[in-house]
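Trainee: Below you will find the structure I want to go over with you.
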Amino acid sequence: MPNSINERIKNRRKELNMSQAELANQVGLKPPAISQYESGARRPSFEVLRKLSFALKVSTEYLLSGLTKEKTQEPLEHSDRVILRIVNSLSQQDKEKLVEYAAFLATGRKVKIDTLFETPSEYAKYYLEEKLDHRLPIDIYGFAKELGIKVFEDNLDEGEGILIQVDHPIILLDRKITIETRRKFTLAALIGHYILPWHLKSSYISRKYDHEEVKKKDRDELLFGHSTLLVEEVEGMEANQFAFSILMPTNELTTDFIEKDATMETLKELADKKYNVSLFVLLNRLVDFANEKYAVVQSQNSKIIKSFPGSRNLVSFEKVDDRSKAASFFTNPSVKEEIREGEVPASCWFVDAKENETVNEQSVYNPRLRKVLTLLTIL
């Protein structure tokens, strides 16, 4: 099994007989970007990794960790084989003690292991069932307290939140972040760092700011424009995966997204009342769960700035097509939040559109951010 993200991207692309140019076209990038990802010269953000997973027909977790339902056996070093034989002879309880001791060797501090899983989503599912009883919306502050994590506010310069892993763990949230759904996601991701037993650094920063970017931009502009998914470190991606999974449980999403058509009004209500997350985050999960049916695009100043295409190839040009509902907000903007919807030519949004094909477009305009969030439903 390939042991790095870049190898898994390259090997899977070759398995599908795709060129770098073909893969780049599917995810809306230029071929040099794919070459950099495959060589290891550059790491894909979590946002790009999700697009790659759709195009390569594998899960995001596979690209992150290499874990699949059918695990392959890698050649092991002699010492690894000896250790594995010893581990296989231990009881489950003793295995957990061994992991705690290994964490102590790596960090010099005591780490309590409640149970062992291999992926962030499995940990989220365990805590939802055993500790949170699937009560929605998740009381993430109460969950932190139950885990023994103290949460404080402070004026932070480096990021929107910091986890300090000591014997009595502390999370600091930037008090300048006033959007509660954003604070909640940041807290959930930092809790993910604390829970995942292989995240052993003494501290983690969530949504770390680029200081040069801060100098060039107004702080509010930077905060509103900084995506939850723009994370390049593998551990940061895993923490985000944990946050997604615990705030929006799989079984609930299946009922809400798969068993009925999604309308923007319904999604806004679910995001606000049921899950207490941002609409943007919820729409991303919608594409995760029904990528054959939905795609999401965010635009600003008539330009596409983010996209989550699912199984269809979105247009690669930046400008929003004038025939779309989204474009109407830039030529005829609204002074308040507004939803515009209807069928539009599929060629407005998809490269592989068939002749006379249409898609249902639902676009919502946020006058505060001056951005349009578009949900496309394949008919």
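The values are calculated or read from the model by the stated rules, or taken from the named source; none is laboratory data. Source: prediction; values computed, not measured. Reconstructed Cβ throughout: ideal geometry from the backbone, glycine too, with neighbour counts over all protein chains shown. Areas reflect the complete protein model, heavy atoms only, side chains present, ligands, DNA and RNA absent. Shrake-Rupley method; radii C 1.70, N 1.55, O 1.52, S 1.80 Å.
Trainee: Starting from region 166-189, keep only residues that are touching a residue at least 60 places away in the same chain (Cβ under 8 Å), then list their pairs with residues that are open to solvent by 20 Å² or more (accessible area, probe 1.4 Å) and not aliphatic (A, V, I, L, M) whose Cβ atoms are within a distance under 6 Å, requiring at least 6 positions of separation or different chains.
Mentor: THR181/SER278
Trainee: Please pick out the residue among LYS125, LYS150 that is touching a residue at least 12 places away in the same chain (Cβ under 8 Å), open to solvent by 80 Å² or more (accessible area, probe 1.4 Å) and within 23 Å of the chain's Cα centre (by Cα).
Mentor: Numbers: LYS150 fails: within 23 Å of the chain's Cα centre (by Cα).
Answer to the selection: LYS125.
Trainee: If you don't mind, there's one more thing I want to ask. Within region 160-199, can you find the residues that are crowded, with 18+ Cβ neighbours inside 10 Å and over 21 Å from ASP139 (Cβ atoms)? Walk me through how you get there before you give the answer.
Mentor: Step one: of region 160-199, the residues crowded, with 18+ Cβ neighbours inside 10 Å are 160-163, 165, 169, 171-174, 181-197, 199.
Scanning region 160-199 gives ILE162, GLN165, PRO197, HIS199.
Trainee: Search region 252-291 for residues being part of a helix (DSSP H, G or I), more than 19 Å from VAL364 (Cα to Cα) and over 18 Å from the mean Cα position of the chain (by Cα), and hand back the single one that is modelled with the highest pLDDT.
Mentor: It comes out as LYS274.
Trainee: For region 304-334, how many residues meet the condition of being modelled with pLDDT under 90 and open to solvent by 50 Å² or more (accessible area, probe 1.4 Å)?
Mentor: Number of matching residues: 6.
Trainee: Within region 335-351, restricting attention to residues that are assigned to a strand (DSSP E or B) and of a type in the set (D, E, K, R), which residue is least open to solvent (accessible area, probe 1.4 Å)?
Mentor: ARG340
Trainee: When the residues of region 182-227 are narrowed to those that are touching a Pro at 6+ places or on another chain (Cβ under 7 Å) and of a type outside the set (Phe, Trp, Tyr), which ends up modelled with the lowest pLDDT?
Mentor: By that ranking, first place goes to LEU196.
Trainee: Among the residues of region 352-379 satisfying the criterion of being surrounded by fewer than 18 Cβ atoms within 10 Å (Cβ to Cβ) and under 19 Å from SER302 (Cβ atoms), which is nearest to the chain's Cα centre (by Cα)?
Mentor: LEU369
Trainee: Looking only at region 36-85, how many residues end up being part of a loop (DSSP other than H, G, I, E, B), modelled with pLDDT of 80 or more and open to solvent by less than 20 Å² (accessible area, probe 1.4 Å)?
Mentor: Of the residues in that region, 1 qualify.
Trainee: Is there any pair linking a residue in region 4-26 that is assigned to a helix (DSSP H, G or I) to one that is surrounded by fewer than 19 Cβ atoms within 10 Å (Cβ to Cβ) and hydroxyl-bearing (Ser, Thr, Tyr), with Cβ under 6 Å and at least six apart or on different chains, and which?
Mentor: Once the first residue is assigned to a helix (DSSP H, G or I) and sits in region 4-26, its partners that are surrounded by fewer than 19 Cβ atoms within 10 Å (Cβ to Cβ) and hydroxyl-bearing (Ser, Thr, Tyr) give GLN20/SER35.
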